[in-house]
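Asker: Submitted below is the structure of interest, expressed as structure tokens.
The values are calculated or read from the model by the stated rules, or taken from the named source; none is laboratory data. Just so it is clear, the structure is predicted and the values come from calculations on it, not from any experiment. Please note: Cβ atoms are built from the backbone with ideal geometry, for glycine as well, and neighbour counts cover all protein chains shown.
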Amino acid sequence: MEKSIDLEQLKSIPRDDYVLIDIRDETAFSYGHIPGAINIPKERLVESVKNFGVKKKIILYCISGIISPAAADALIDEGVEAYDLEGGYMAWLRKHIYDEAGENVKEKAEKSLEKKFHRQLFSKFAKAVVTYKLVEEGDKIAVCVSGGKDSFLMAKLFQQLKKHNKFPFELVFLVMD
């Protein structure tokens with residue numbers, strides 16, 4: 001029953017014709033959100049939207065498009081014209097980074113970690129891994145990427161560790177909502 005739109009379709013809708021709602025919690029919203037979005041956590045969504053009195057399209061998103069379809073269905077059941085943004089915040093963030101600067105942003109971020117922050121971040125991280133024997137040969141490490149800066153940094157640190165380490169270990173990234 002849920003209706004969904006992708007990022008290209010969203011771009012084609014005049015901004016005054018919809019309300020963009022981030023249904024993640026306030027902490028996740030504060031770490032980053034789509035410009036122009038308002039934050040209404042999913043637990044208060046139906047009641048809050050019913051109180052809007054606005055007859056615009058409601059476009060919802062979560063971190064990766066897993067939770068927002070059910071939230072859109074709940075609004076549709078209440079007679080609201082609601083849509084789910086496919087892929088959620090992560091899809092928007094990937095597209096935004098690519099559109100804004102393409103591969104240059106990725107390369108600059110990696111070089112920044114490798115040079116500017118090597119001593120401050122990676123060296124201390126690697127020292128802790130060695131000192132406390134946190135990673136051993138054959139380990140499988142899963143890094144949960146939640147959309148915040150901390151989880152992205154942790155993922156990058158483990159990538160660097162894998163790149164420079166003297167023994168093999170497996171690295172897996174999980175996207176959590």
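Asker: Out of the strands (runs of 3 or more DSSP E) lying entirely within the stretch 58-177, which hold 2 or more residues that are surrounded by fewer than 16 Cβ atoms within 10 Å (Cβ to Cβ)?
Answerer: On the way: elements: 82-85, 140-145, 170-175.
Ranges flagged: 140-145, 170-175.
Asker: I'd like the full set of residues that are surrounded by 16 or more Cβ atoms within 10 Å (Cβ to Cβ) and hydroxyl-bearing (Ser, Thr, Tyr), limited to the stretch 1-30. So that I can check it myself, show each step before the final result.
Answerer: Step one: of the stretch 1-30, the residues surrounded by 16 or more Cβ atoms within 10 Å (Cβ to Cβ) are 2, 4-5, 7, 10, 18-24, 28-29.
Within the stretch 1-30, SER4, TYR18 qualify.
Asker: State yes or no: is PHE52 aromatic (Phe, Trp, Tyr), within 22 Å of CYS144 (Cα to Cα), surrounded by fewer than 20 Cβ atoms within 10 Å (Cβ to Cβ) and free of Cβ contacts under 8 Å to residues at least 60 places away in the same chain? First the steps, then the outcome.
Answerer: Numbers: aromatic (Phe, Trp, Tyr): yes; within 22 Å of CYS144 (Cα to Cα): no; surrounded by fewer than 20 Cβ atoms within 10 Å (Cβ to Cβ): yes; free of Cβ contacts under 8 Å to residues at least 60 places away in the same chain: yes.
Answer is no for this residue.
Asker: Restricting to the stretch 32-57, give me the number of residues that are within 15 Å of the chain's Cα centre (by Cα) and in a strand (DSSP E or B). Explain how you work it out, then say what you get.
Answerer: Just the residues of the stretch 32-57 that are within 15 Å of the chain's Cα centre (by Cα), to begin with: 32-35, 37, 39.
Filter once more, keeping what is in a strand (DSSP E or B): 39.
Selection size over the stretch 32-57: 1.
Asker: Among the numbered criteria (1) within 30 Å of LYS3 (Cα to Cα); (2) among the basic types (Lys, Arg); (3) modelled with pLDDT under 85, which one does LYS166 miss?
Answerer: (1)
Asker: Look through TYR31, TYR83, TYR89, TYR18 and report the one residue that is of a type in the set (Ser, Thr, Tyr), touching a strand residue (DSSP E or B) at 6+ places or on another chain (Cβ under 8 Å) and closer than 24 Å to CYS144 by Cα. Before you say what the answer is, go through the steps one by one.
Answerer: On the way: TYR31 fails: touching a strand residue (DSSP E or B) at 6+ places or on another chain (Cβ under 8 Å); TYR83 fails: closer than 24 Å to CYS144 by Cα; TYR18 fails: closer than 24 Å to CYS144 by Cα.
Criteria check complete, one pass: TYR89.
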